[in-house]
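See below for the structure under consideration.
Any read-out appearing in this document is the output of simple, stated calculations on the displayed coordinates, not a laboratory observation. Bear in mind that the values here come from a model prediction, so they are computed numbers and not experimental data. Note that we place each Cβ from the backbone using ideal geometry, even for glycine, and neighbour counts take in every protein chain shown.
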Amino acid sequence: MKITVAGTGYVGLVTGVALAHIGHNVTCVDIDEEKIKKMRKGISPIYEQDLERLMKEDKDRLNYTTDYKEAYKNAEVIIIGVGTPERADGSANLDYVFGVCNQIADSLEKDCIVVVKSTVPIGTNDEVEKYLRENVKKGITVDVASNPEFLAQGTAVRDTLHASRIVVGVESERAKEVMSEMYKPLTKEPYNVPFLITNRRSAEMIKYASNDFLALKISYINEIANLCERLGANIEDVTKGMGYDSRIGNKFLNAGIGYGGSCFPKDTKALHWLSVSEGVELKTVKACIEVNKSQKIRLYEKLRDDLKTLKNKNIAVLGLTFKPGTDDLREAPSIDNVELLLDAGAHIRAYDPISIESFKKKISYKLENDGTEGSITYFDNIDDAITAADAALIMTEWPEIKNYNISKYKKLMKVPRVYDGRNCYKLEDTKDIIYKSIGR
């Protein structure tokens, strides 16, 4: 099948590479010429396990271009995988989606199925189909299908090829047949992915309802963890006991300093905004957003309460990305905590195995424009980052941090004071240092 994918971020590129891997001929379109040049050489613009390997392995079925007219004009299926960032009020910004629609309408020369894989508010696919049918050349038929993604950063390739499910929302028999044919290889051995066909609005809601439920689960267990600290209970034992119940399960029950990334923060705000605009406010989702906002700075609050003043203190920050296995810094708790530390006049010693350069760009504006008395220095190893530090904050559970020799905190730090936002270490292994974690 001849498929074109618009956008080469996490959703677009992973989807395109996965579809090429199962036998389709895929063209990936992006406006960034430098990005396209790199991908043509087999270099992935994002850090994602197995992605570069498959880009090279399936290079004969993959094409990368900035020429959208050529890419769209004869495609059987066009997949929209561009970003839908949040606006200031929490609603989803659909400018990129409709920008692609405008290009498609301007370029299309044959009947086509347009697939919206970007996460969009309920009803957006109806608007996309209406726009395309009103603007394509006369005689061309466009059917629109909703096909939300359920990948997680760090495991995106696996989550696409061995997905928990494929959800497709259609309003025509033709769209149903084409989408079924496109995904047929994934519904058979060795993948055996469940395949659900529904209507478009249900498919759009499945995406939001799924992501927001997982975010709710995270915020709920973090609140339980905070209460455990006050009452002398151990959150790890509590979640272990909860996880045996098949109705609850043991996934997304790891207490910590909240969720980040490109999906949960944006999708919770977007669904809450939509619910308010429809007069049916989702109060549980609103609470989830508020809990996560406060949870992200739990380590800073613990540190501030213990040291009273952070001015001129040397604070190691270990891990900058929102989770291990990705270079993504979007909504990462490290950013909130580093900004607070800088405002308090602390001198930060930051470590991350892959995202230092990206973090420098994120935080440089504050250093240059906010008149902060704090400073930040970057290190490529944990030993140097914690040397002579007054405290260390663990923000990301990278293997390098989880497997670090705990005795080195006592040996290298000025004061072996460790605040662990991801519960990386067993309590019995931390008796020789001052150690504070979440819910324990």
For segment 2-198 the mean separation of alpha carbon contacts under 8 Å (6+ apart) over residue count, i.e. relative contact order in percent, is 19
If you build a Gaussian network model of the chain, linking Cα atoms that sit under 10 Å apart, which residue out of 87, 247, 133 swings the most? 247
Could you work out how far the C-alpha centroid of segment 37-57 sits from that of segment 418-440, in angstrom? 37
So how tilted is helix 95-107 from the main axis of the chain? Cα-based, degrees 0 to 90, rounded to 10. 20
Would you list 257, 438, 406, 166 from fewest to most Cβ contacts within 10 Å? 406, 166, 438, 257
Which FRET efficiency value, to the nearest 0.05, is calculated for residue 172 and residue 57 with the Förster distance at 30 angstrom and r the Cβ-Cβ distance? 0.30
DSSP-defined antiparallel bridges as percent of all bridges, the chain, nearest 5: 5
Relative contact order, percent, of the chain when contacts are C-alpha pairs under 8 Å separated by at least 6 residues? 12
Students often get this wrong: which residues of segment 105-149 have the backbone nitrogen under 17 Å from the point 7 angstrom along Cα-to-C-beta of residue 31? 105-107
Cβ-Cβ FRET estimate between residue 165 and residue 364, R0 fixed at 51 Å, reported to 0.05: 0.80
Amide H proximity to residue 316 below 5 Å, modelled H, separation 5+ or other chain, gives 349, 390, 391, 392, 393
How big is the convex hull of the Cα atoms of segment 2-198, per residue, in Å³? 116
With θ set to phi - 60° and the Karplus curve 6.51 cos²θ - 1.76 cosθ + 1.60, what are the ³J(HN,Hα) couplings of segment 250-264 in order, to the nearest whole Hz, using x for Gly and Pro? 9, 8, 6, 10, 8, 5, x, 9, x, 8, x, x, 8, 10, 4
Can you give the Rg to Rh ratio of segment 215-293, both from alpha-carbon atoms, with Rh computed by the Kirkwood formula? 1.03
Antiparallel bridges, percent of DSSP beta bridges restricted to segment 2-198 (to nearest 5): 5
How big is the convex hull of the Cα atoms of segment 139-261, per residue, in Å³? 139
Once Rh for the chain is found with the Kirkwood sum over Cα pairs, what is the Stokes-Einstein diffusion coefficient at 20 °C and 1.002 mPa s, in µm²/s? 91
Virtual spin-label span in nm between residue 431 and residue 38, 7 Å along Cα→Cβ: 4.8
Nearest 10 degrees, 0 to 90: helix 298-307 Cα axis against the chain principal axis: 20
Using each residue's phi in segment 191-202, evaluate 6.51 cos²θ - 1.76 cosθ + 1.60 at θ = phi - 60° and report the 3J(HN,Hα) Karplus result to the nearest Hz, with x for Gly and Pro. 8, 6, 7, x, 10, 10, 9, 8, 7, 5, 5, 5
At 222 nm, what helix-only mean residue ellipticity would the chain give, in deg cm²/dmol to the nearest 500, using -39500 (n - 2.57) for each DSSP H run of four or more? -13000 deg cm²/dmol
Longest principal axis of the chain (C-alpha) makes with the long axis of helix 283-295 (C-alpha) an angle, in degrees to the nearest 10, of 40
So if I take the centroid of the Cα atoms in segment 106-128 and the same for segment 150-168, what is the distance between those two points in Å? 21
Mean projected area, convex hull of alpha-carbon positions in segment 398-439, reported to one decimal in nm², is 2.9
For residue 376, the residues 5 or more places away or on another chain with a placed amide H closer than 5 Å to its own amide H are 348
Given Cα positions, please report Rg to Rh for segment 304-440, the hydrodynamic radius being the Kirkwood one. 0.94
Step through the residues of segment 398-410 one at a time and calculate ³J(HN,Hα) from phi using the Karplus curve (6.51 cos²θ - 1.76 cosθ + 1.60, θ = phi - 60°), rounding each to whole Hz and writing x for Gly and Pro. 4, x, 4, 7, 4, 9, 5, 5, 4, 4, 5, 4, 6
Past 29 Å, Cα to Cα: identify those pairs from 217/360; 251/414; 286/362; 286/361, in the order given. 217/360; 251/414; 286/361
